[in-house]
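Trainee: The structure is given below, and queries will be raised subsequently.
The values are calculated or read from the model by the stated rules, or taken from the named source; none is laboratory data. Predicted model only: the values in this text are computed from it and were never measured. Methodologically, a virtual Cβ is constructed for each residue, glycine included, from the backbone with ideal geometry; neighbour enumeration extends over all protein chains shown. The area values use the complete protein model at the heavy-atom level, side chains included, leaving out ligands, DNA and RNA. Shrake-Rupley method; radii C 1.70, N 1.55, O 1.52, S 1.80 Å.
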Amino acid sequence: MTEQKILYLSRADIEKVNLPMKQIIGLLEVAFCEKGNGRVEMPPKPGIHTMPDAFIHSMPAYIPSMRSAGIKWVSGYPENFKRGLPYISGLMILNDVETGIPYAFMDCAWITAMRTGAASALSAKYLARPDSETVGILACGVQGRTNLEALACLFPIKRVYAYDVLPEVQERFVEEMAAWFDFEVIGVKEPKQAVVESDLVVTSGPILKHPTPAIERDWLRPGAYGSAVDFDSYWTSEALAQMDHISTDDHAQFQYYKSVGYFQQTPAPYADLGELVAGLKPGRMDEKERTLAINLGLALDDMAVAPTIYQCAKEKELGIWLSL
Ligand SMILES: NC(=O)c1ccc[n+]([C@@H]2O[C@H](COP(=O)([O-])OP(=O)(O)OC[C@H]3O[C@@H](n4cnc5c(N)ncnc54)[C@H](O)[C@@H]3O)[C@@H](O)[C@H]2O)c1
């Protein structure tokens, strides 16, 4: 029998590929169109939970038109920062669609960071006002950065308000983002200041089963869009009830999270991102609507991106080939 080879890509290899955010948003748009049309296989993710508010999830998906099949094994540990470790870590395995044989495995942190920002921006394409120019970022970590990067690909951003519970983290974010982009970045002392004047609001703090949310009714102004990357941890039930339209990325996944205790006060989403992209449900309906995307993070997002990373890495001769 022929020897099977598998390519291992470290985080550094994937960073060297450096797939542009705009391309990642495009890949997600193709994948979500497939999902909207019922052409994706993706069971809701099962998980194990070794610490309070932590998870290790198993996330398989198959997107036939992209010839993409595989799984992500990803953990999220909110207390890791105290040990100088990342919140999110894990691995992905890609399988050949015809033989099932694994042909690549890779670190998943970069892809998770980028595709989550891309999903927020893709939802915003359908649910935010195209002329949105102010952004509020609540929690200035990995997701704060990639969500801003993705929104900047699609919207004419002029000013950003940034808030983090840790002032030194917020300061670093303000400095880095101001140097990276040509818009104004302002650090604020209270979460409210990051919300009330923003057209696009991203909350990306820890996901907590029993949160004490900060964002109250009326903080999000009429016509604004929110992206709750951290589920309902930042948004009070009154603020959620005031939304004209709430979307998610997958109805079944949303129902699953509800069944295990999240989203108890959150109105049911009217659409998922596949339905929006495939044109099965309308996006924003008028200038004054308050809209919110609650994207839970899907295996589909990862499998939309990973094969392109693999192809580019191969072309650049990155990674290490191992015997299977
Ligand atoms: N929905 C998805 O698809 C998806 C995907 C990846 C990560 N996430 C979630 O995004 C969140 C952030 O992940 P990350 O990788 O950016 O983590 P990170 O550790 O890089 O950043 C988290 C930041 O939150 C700050 N913070 C903590 N409590 C806060 C509060 N109350 N207000 C403001 N800031 C606060 C921390 O100081 C830190 O800067 C996590 O909850 C993670 O589970 C969601």
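Trainee: Would you kindly derive the ³J(HN,Hα) couplings of the range 134-139 from the backbone phi angles with the Karplus curve 6.51 cos²θ - 1.76 cosθ + 1.60 (θ = phi - 60°), listing them in order in whole Hz, with x for Gly and Pro?
Mentor: Those phi angles translate into 10, 10, x, 10, 10, 4 Hz.
Trainee: Take the alpha-carbon centre of the range 32-98, take the same for the range 3-27, and report the distance between them in whole Å.
Mentor: Their Cα centres are 16 Å away from one another.
Trainee: On average, how much accessible surface per residue is there in the range 153-237, in Å², for a 1.4 Å probe, leaving out ligands, DNA and RNA? Working shown, then result.
Mentor: Details: 4100 Å² over 85 residues.
Heavy-atom accessible area per residue stands at 48 Å².
Trainee: Using Cα springs under 10 Å in a Gaussian network model of the chain, which residue among 208, 166, 148 shows the largest mean-square fluctuation?
Mentor: 166
Trainee: HN-Hα J couplings of the range 272-280 from phi, Karplus 6.51/-1.76/1.60, θ = phi - 60°, integer Hz, Gly and Pro as x?
Mentor: Karplus values, whole Hz, x for Gly and Pro: 10, 5, x, 5, 5, 5, 7, x, 7.
Trainee: Compute the distance from the alpha-carbon center of the range 235-278 to that of the range 155-209, in whole Å.
Mentor: 24 Å
Trainee: Further question on the same structure: Send over the per residue convex hull volume for the chain, Cα only, as a whole number of Å³.
Mentor: With only Cα atoms used, the chain gives 130 Å³ per residue.
Trainee: Now for a separate question. Between residue 104 and residues 5 or more places away or on another chain, which pairs have amide H atoms under 5 Å apart, with H built 1.01 Å from N, and which residues are they?
Mentor: 7, 94
Trainee: Straight-line reach from residue 189: which lysines have a Cα under 17 Å away, not including same-chain ones fewer than 8 places off?
Mentor: Output for residue 189: empty list, no partners.
Trainee: Taking 0.36 nm per intervening residue step and subtracting the Cα-Cα distance, what contour gain separates residue 252 from residue 166 on full extension? Working shown, then result.
Mentor: On the way: separation 86, 0.36 × 86 = 30.96 nm, distance 3.50 nm.
Extra length from residue 252 to residue 166 when fully extended: 27.5 nm.
Trainee: With springs connecting C-alpha atoms under 10 Å apart, model the chain as a Gaussian network and identify which of 87, 161, 62 has the largest mean-square fluctuation.
Mentor: 87
Trainee: Oh, and also: Can you give me the distance in nm between label points at residue 2 and residue 159, each placed 7 Å from the Cα along the Cα-to-Cβ direction?
Mentor: 6.1 nm
Trainee: Something else: Treating the range 183-324 as a set of equal point scatterers at the Cα positions, no solvent, please give the Debye-formula log₁₀ I(q)/I(0) at q = 0.09, 0.10, 0.18, 0.19 Å⁻¹.
Mentor: -0.36, -0.44, -1.04, -1.12
Trainee: Based solely on its DSSP helices, what 222 nm [θ] is calculated for the chain when runs of n ≥ 4 H residues each add -39,500 (n - 2.57) and the sum is averaged over all residues, nearest 500 deg cm²/dmol? All intermediate terms of the calculation are to be shown ahead of the outcome.
Mentor: Values: 10 runs with 110 residues, N = 324.
Mean residue ellipticity, 222 nm, calculated: -10500 deg cm²/dmol.
Trainee: Can you pull out the GluC sites (Glu not before Pro) in the range 251-324 that DSSP calls coil and that have at most 13 other Cβ atoms within 10 Å?
Mentor: For GluC sites (Glu not before Pro) across the range 251-324 that sit outside H, G, I, E and B with at most 13 neighbouring Cβ atoms in 10 Å, the list reads 287, 317.
Trainee: Considering only Cα-Cα distances, which of the following residue pairs are longer than 32 Å: 158/258; 72/316; 45/314; 72/258?
Mentor: Over 32 Å Cα-Cα: 158/258.
Trainee: Hey, with R₀ at 25 Å, roughly what FRET efficiency would residue 16 and residue 101 work out to, going by the Cβ-Cβ distance, to 0.05?
Mentor: Step by step, r from the Cβ atoms, then E = 0.45.
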